[in-house]
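Taking it in order: structure first as structure tokens, then the write-up.
The values are calculated or read from the model by the stated rules, or taken from the named source; none is laboratory data. On a predicted model such as this, the values are computed, not experimentally measured, just so you know. Cβ coordinates were reconstructed from backbone atoms using ideal geometry, including for glycine residues, and neighbour counts include every protein chain displayed.
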Amino acid sequence: MAETKVFFVELTQDSNPDHRIKATQKLIKASGIEKIINHRNKVAVKLHVGERDNNTHISPEIIKVIVSMIKKKGGFPFLTETSTLYKGQRSNAIDHLIQAFSHGFTYENIGAPFIMADGLTGNTEIEIPINGIIFKKVNIAREIVFADALIAVSHATGHPGTALGACLKNIGMGLSGRIGKLRQHSSIKPYIDSAKCNFCKKCIKWCPVNVIIEKAEKAFIIQEKCIGCGECLAVCNFDAVRYNWGIQSADLQKRIAEHALGVIQSIQDKCFFLNFLMDMTKGCDCFGTRQTRIMPDVGIVASNDPVAVDQATLDLTADKFGESLAEKCEPDLDPTIQLEHAEKIGLGSRKYRLVTIY
Ligand code: SF4
Ligand code: SF4
């Protein structure tokens, strides 16, 4: 079996946009990403445009570097994303594209069109058979299945449910259709800490299935009807929405890994994965607020192995700062569950050789 390599370009603390662009160019050149692209291939560039006021997402200038490389190889790049389950600015194709354009992800800026992978309302999906441990089939956003190649551009952040939000999360959750997302979230049911709830009713307004009711002048979630979308967590300003993540995180992480397997299988392994370890924050880019950086920039990693690239993200931050990004953000959660499970189902390897590009 070929050795798994993860290519790495270091960035110094608080790198500026020019450093980042040059680092991305260097990484693309050295890592051989372009080998997955053949003439006239339709190449999906999976990104995250950042919710509402988020300003730490990966910038359009960096995405443009990747798009330019694809065009140079004779491929047809398109930017892609899926609708969220929660009611933010990205819960259907229209809102999502408006949000993307407002953050600069336009054809004029980048040179590639934006095509939502899961249609107008997030329910255009295809069932892909997989040999998973939890699932034997997963629902993947339809258009991704028709792409010839995939480059996943992931912003490394913390995540309240998985501790690490990086490549596996970006493709597993981020390229599933609505049914796929619901199946991943199905065991994740929040509850309201009544001591903290001041009954502002914001969560009631945002719950997509109207299962938050009033009980003794506090919000109350009808657990049996909750679809686990997490919107109430995102909108509550008083830290009153709680999860029992200790039990639920493990299940969520495994489900995400199995959907990532469906994505990669459907695209027949013509995939490459880049994780950007910069502007790292406690919450992921789905948080609609401005977040403070939780650790200095580290660099960019790239590999054809989605497991190795996430493992390297944990290792590089741990080596540099004494605790990994996930440990710093969510010390009570274990982010390696997703990696172990992904390795078990044949998605990739946690063992890799780091190739540093100077
Ligand atoms: S948003 Fe938070 S504080 Fe407001 S009602 Fe819901 S749980 Fe209570
Ligand atoms: S109560 Fe359940 S369905 Fe409603 S917003 Fe919260 S997680 Fe989503």
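A few notes on this one:
- Tally of residues being at pLDDT 80 or above and either within 14 Å of ligand 2 (Cβ to nearest atom) or among the charged types (D, E, K, R) (or both) across the range 236-266: 11
- Taken as a whole, the structure leaves Arg178 outside the set of residues that are in contact with a helix residue (DSSP H, G or I) (Cβ under 8 Å, 6 or more places away or on another chain), more than 26 Å from Ser324 (Cβ to Cβ) and surrounded by fewer than 23 Cβ atoms within 10 Å (Cβ to Cβ).
- Candidate set from the range 234-273 (those that are within 16 Å of ligand 1 (Cβ to nearest atom) and aliphatic (A, V, I, L, M)); member that is farthest from Gly88 (Cα to Cα): Ala240
- Some residue of the range 129-137 being in contact (Cβ under 8 Å) with a residue 12 or more places away in the chain, within 16 Å of ligand 2 (Cβ to nearest atom), in the same structural domain as Pro306 (by TED's automatic domain parsing) and surrounded by fewer than 17 Cβ atoms within 10 Å (Cβ to Cβ): no
- Subset of the range 348-358 [surrounded by fewer than 23 Cβ atoms within 10 Å (Cβ to Cβ) and within 15 Å of Ala166 (Cβ to Cβ)]: Arg350, Tyr352
- Residue pairs whose Cβ atoms lie under 8 Å apart, sitting 6 or more positions apart in sequence or on different chains, and linking a residue in the range 210-234 that is of a type in the set (Asp, Glu) to a partner that is buried (at least 19 other Cβ atoms within 10 Å of the Cβ), are Glu231/Leu85; Glu231/Tyr86; Glu231/Gly88; Glu231/Cys203; Glu231/Cys207.
- When the range 334-347 is filtered for residues that are surrounded by fewer than 23 Cβ atoms within 10 Å (Cβ to Cβ) and in contact with a Gly (Cβ under 8 Å, 6 or more places away or on another chain), only Ile345 remains.
- A single entry from Glu231, Glu217 fulfils the requirement of being exposed (fewer than 13 other Cβ atoms within 10 Å of the Cβ), more than 9 Å from ligand 1 (Cβ to nearest atom) and among the acidic types (Asp, Glu): Glu217.
- Selection count where residues are modelled with pLDDT of 90 or more, surrounded by fewer than 24 Cβ atoms within 10 Å (Cβ to Cβ) and aliphatic (A, V, I, L, M), scope the range 71-96: 2
- Leading residue by the ranking (nearest to His259 (Cα to Cα)) among those in the range 187-196 that are within 13 Å of ligand 2 (Cβ to nearest atom) and without any contact (Cβ under 8 Å) to a residue 60 or more places away in the chain: Lys189
- All positions within the range 1-34 that are free of Cβ contacts under 8 Å to residues at least 24 places away in the same chain and in a loop (DSSP other than H, G, I, E, B): Met1, Ala2, Asn16, Gly32
- Verdict on Cys284 being of a type outside the set (D, E, K, R), within 16 Å of ligand 1 (Cβ to nearest atom) and not in a helix (DSSP H, G or I): no
- Selection within the range 273-302 - hydrophobic (A, V, I, L, M, F, W, C) and closer than 17 Å to Lys320 by Cα: Phe276, Leu277, Met278, Met280, Ile294, Met295, Val298, Ile300, Val301
- Selected residue (criterion: farthest from ligand 1 (Cβ to nearest atom)) from residues of the range 149-173 that are in contact with a strand residue (DSSP E or B) (Cβ under 6 Å, 6 or more places away or on another chain) and of a type in the set (Gly, Ala, Ser): Ala149
- Top-ranked residue in the range 196-214 [being within 9 Å of ligand 1 (Cβ to nearest atom) and either touching a Leu at 6+ places or on another chain (Cβ under 9 Å) or aliphatic (A, V, I, L, M) (or both); ranked as farthest from Arg90 (Cα to Cα)]: Ile212
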